[in-house]
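Bear in mind these aren't lab numbers, they're just calculated from the coordinates by the rules spelled out. As the structure is a computational prediction, the values presented were derived from the model and not from experiment. When we count neighbours, we look across all protein chains shown, and the Cβ atoms used for this are built from the backbone with ideal geometry, even at glycine.
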Amino acid sequence: MPITVTPTAIPEVLVIEPKVFGDARGFFFESFNARDFHEATGLDLPFVQDNHSGSSRGVLRGLHYQIQQPQGKLVRVVQGEVFDVAVDLRRSSPTFGQWVGETLSAENRKQLWVPPGFAHGFLVLSEWAEFLYKTTDYYAPASERTLRWDDSTLLIDWPLVTPPLVAARDARGLTLLETEGYP
């Protein structure tokens with residue numbers, strides 16, 4: 001099989017590892033193949049948008065989610081390294097309020113599948129990182145919400161060396177108890 005899929009502590013959040021072919025010239029891998037993804041995960045997803053961001057060391061983006069148009073995200077890093085986090089906001093889920101984190105880098109080529117119903121964010125660990133992600137729904141600014149990255153009820157173990165650089169909207173994020181979650 002061209003990809004390896006490993007469930008995290010929250011089974012719906014998946015670590016995806018592509019098969020990489022390398023030789024003296026460099027490397028090649030399929031970063032996404034719908035048929036192989038479906039065969040390996042059982043998911044048949046309508047990805048509708050690709051996003052690309054670049055950030056410097058210490059930038060923390062998130063934890064973002066859309067309440068009306070929830071997005072599933074398949075995320076990866078093409079330059080640098082990040083600590084990527086998904087938080088379960090599905091109130092009926094046995095893992096509601098729990099989080100998982102995974103180090104994603106250009107070197108390890110791991111991807112993370114973050115299903116709809118989760119808040120998502122990442123902390124840049126390298127000098128610079130470029131982050132790519134596919135989404136299952138379109139960006140809807142009126143539907144976007146932010147879960148506070150440092151909510152004391154979540155106890156996310158961010159690998160911080162210094163206080164992170166966050167956007168003003170992320171600094172104003174709500175706690176888990178204040179947020180609009182999913183049913």
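Annotations for the structure displayed:
- Evaluated with a Cβ-only charge set (Lys, Arg +1; Asp, Glu -1), segment 1-124 carries a dipole of roughly 280 debye about its Cα centre, given to the nearest 20.
- Computed 3J(HN,Hα) for segment 10-26, one whole-Hz value per residue from the Karplus formula 6.51 cos²θ - 1.76 cosθ + 1.60 where θ = phi - 60°, is 9, x, 6, 8, 10, 8, 10, 10, x, 7, 9, 9, x, 7, 4, 7, x, glycine and proline marked x.
- Note, ³J(HN,Hα) from phi for segment 73-87, Karplus 6.51, -1.76, 1.60, rounded to Hz, x at Gly and Pro: 10, 10, 10, 7, 10, 10, 8, x, 8, 9, 9, 9, 10, 10, 10
- A simple rule links phi to the HN-Hα coupling: the Karplus curve 6.51 cos²θ - 1.76 cosθ + 1.60 with θ = phi - 60°, which for segment 129-138 gives 9, 10, 10, 10, 8, 9, 10, 8, 8, 6 Hz, with x for Gly and Pro.
- On full extension, the segment bounded by Thr8 and Ala168 gains 54.5 nm, given 0.36 nm per residue less the C-alpha separation.
- Cα-based Rg of segment 71-146 normalised by 2.2 N^0.38 Å, two decimals: 1.13
- Between Glu39 and Glu127, the simple label model (points 7 Å from Cα in the Cβ direction) yields a spacing of 4.1 nm.
- Model label points for Asp157 and Glu178, set 7 angstrom from Cα along the Cα-to-Cβ axis, are 2.7 nm apart.
- Sequence-distant residues sharing a close amide H with Thr103 (under 5 Å, placed H): Asp84
- Length-normalised contact order of segment 3-171 in % [C-alpha pairs under 8 Å, at least 6 apart]: 31
- Within-14-Å neighbourhood charge of Gly26 [Cβ basis; K, R +1; D, E -1]: 0
- The local environment of Ile67, defined by Cβ-Cβ distances under 14 Å, has a net charge of -1 under the rule Lys, Arg +1 and Asp, Glu -1.
- Residue (of Leu104, Ala142, Val166) at the positive-pole extreme of the chain, dipole from beta-carbon charges: Ala142
- Net length gained if the chain between Ser53 and Tyr139 were fully extended (0.36 nm per residue, minus Cα distance): 29.5 nm
- Between Asp23, Asp50, Asp137, the Gaussian network model of the chain with springs among Cα atoms under 10 angstrom shows the greatest mean-square fluctuation at Asp23.
- Here the relative contact order of segment 51-117, from alpha carbon pairs under 8 Å that lie six or more residues apart, stands at 39 percent.
- Helix content alone sets the calculated 222 nm mean residue ellipticity of the chain: runs of n ≥ 4 DSSP H residues at -39500 (n - 2.57) each, divided across all residues, give -1500 deg cm²/dmol.
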